[in-house]
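Participant: Structure provided below as structure tokens; questions to follow.
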Amino acid sequence: MLNIGDYVVRLSYNKDILFRITYISPNQIARLKGVSYRVIADAPISDLELSVGMRYTNEESSIMSTIEATVEKIMKKRAEIEKGKDPRFQKTGTVLHVDGDAFYLNLCLKYYKMLDIPAIGEHISESEQPKRIKYLLEKYAPDILVLTGHDALNKNYKTLYDISEYRNSQYFVESVKRARAIKPNMSELVIFAGACQSYFEEILAAGAD
């Protein structure tokens, strides 16, 4: 029997992504959150298999290894470039990272720290982000804004070009619009927004970079 908090894979998708169960409905439909992908999904309990002791699927392990290697490469390259430079003239923009997922937020903050990038993290659900963005920008005055969390395209979608087909894209779009209303100049505020399976065309049209 599967329970909330269990790590599972979907049989109908050839066990492609490792998920954690966050909710089970009375009719045995599980709400799933990706472990290494920023994606959410619904699936019948009968389609799920318990993943004992698995941290990543084979595909995910390869991706995570690539990420770790890339970060290490960046750090080495930066160390080489910064040798001999006057530290008084080195400046890195401050990042405000707003995330609907606390686990991923902490993971990102770890990498910001490793790369010596000044960063502030705020854990705010995707639906609440548009309501809080004005306050956060005024409070922190960041150079770079990251708006993320989880998203998903409806399983039985009719078109890719309708924002109602996406679970959280509307919130990312609205957050970007409100941020751009405050900081319309892209040279003053760089915005990265969205998650896996987000409607990126609409997010970019709203003013994201």
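The values are calculated or read from the model by the stated rules, or taken from the named source; none is laboratory data. Since the structure is predicted, the reported quantities are computational estimates derived from the model, not experimental observations. No Cβ is skipped: glycine too gets one built from the backbone with ideal geometry, and neighbour counts run over all protein chains shown.
Participant: Please tell me if Gly207 is at pLDDT 95 or above and under 14 Å from Glu126 (Cα atoms).
Facilitator: no
Participant: Within the group Glu165, Glu188, which residue is surrounded by fewer than 21 Cβ atoms within 10 Å (Cβ to Cβ), more than 15 Å from the chain's Cα centre (by Cα) and over 27 Å from Val71 (Cα atoms)?
Facilitator: Glu165
Participant: Next up: How many residues does segment 43-54 hold that are surrounded by fewer than 16 Cβ atoms within 10 Å (Cβ to Cβ) and modelled with pLDDT of 90 or more?
Facilitator: Of the residues in segment 43-54, 6 are surrounded by fewer than 16 Cβ atoms within 10 Å (Cβ to Cβ) and modelled with pLDDT of 90 or more.
Participant: Is there any pair with a first residue in segment 1-25 that is over 11 Å from Asp47 (Cβ atoms) and exposed (fewer than 12 other Cβ atoms within 10 Å of the Cβ) and a second that is modelled with pLDDT of 90 or more and of a type in the set (Lys, Arg) whose Cβ atoms are under 6 Å apart and which are 6 or more apart or on different chains, and what are they?
Facilitator: Filtered contacts from segment 1-25: Tyr23/Arg31.
Participant: Being touching a residue at least 40 places away in the same chain (Cβ under 8 Å), in a loop (DSSP other than H, G, I, E, B) and charged (D, E, K, R) is the filter here; which residues of segment 162-176 pass it? Step through it out loud before you land on a result.
Facilitator: Restricting attention to segment 162-176, the residues satisfying the condition of being touching a residue at least 40 places away in the same chain (Cβ under 8 Å) are 167-168, 171-172, 174-175.
Next, only the ones that are in a loop (DSSP other than H, G, I, E, B) stay: 167-168.
Selection gives Arg167 alone.
Participant: Related question: In the set Ala208, Ala195, Ala179, which member is touching an Asp or Glu at 6+ places or on another chain (Cβ under 9 Å), of a type in the set (A, V, I, L, M, F, W, C) and touching a residue at least 24 places away in the same chain (Cβ under 8 Å)?
Facilitator: Step by step, each of Ala208, Ala195, Ala179 is checked, and only Ala195 is touching an Asp or Glu at 6+ places or on another chain (Cβ under 9 Å), of a type in the set (A, V, I, L, M, F, W, C) and touching a residue at least 24 places away in the same chain (Cβ under 8 Å).
Participant: Taking segment 68-125, which residues are modelled with pLDDT of 75 or more and of a type in the set (Asp, Glu)? Even if it seems obvious, please write down each step before you answer.
Facilitator: If we filter segment 68-125 for residues that are modelled with pLDDT of 75 or more, which is where we start, we get 69-70, 72-73, 76-77, 93-125.
If the condition is that a residue be modelled with pLDDT of 75 or more and of a type in the set (Asp, Glu), then Glu72, Asp99, Asp101, Asp116, Glu122 are the ones that fit.
Participant: Another one. Might you let me know whether segment 30-42 holds any residue that is closer than 23 Å to Thr148 by Cα and either in the same structural domain as Asp101 (by TED's automatic domain parsing) or at pLDDT below 75 (or both)?
Facilitator: Among the residues of segment 30-42, not one is closer than 23 Å to Thr148 by Cα and either in the same structural domain as Asp101 (by TED's automatic domain parsing) or at pLDDT below 75 (or both), which makes the answer no.
Participant: So which residues in segment 134-156 are touching a Leu at 6+ places or on another chain (Cβ under 8 Å) and within 13 Å of Gly100 (Cβ to Cβ), if there are any at all?
Facilitator: Val146
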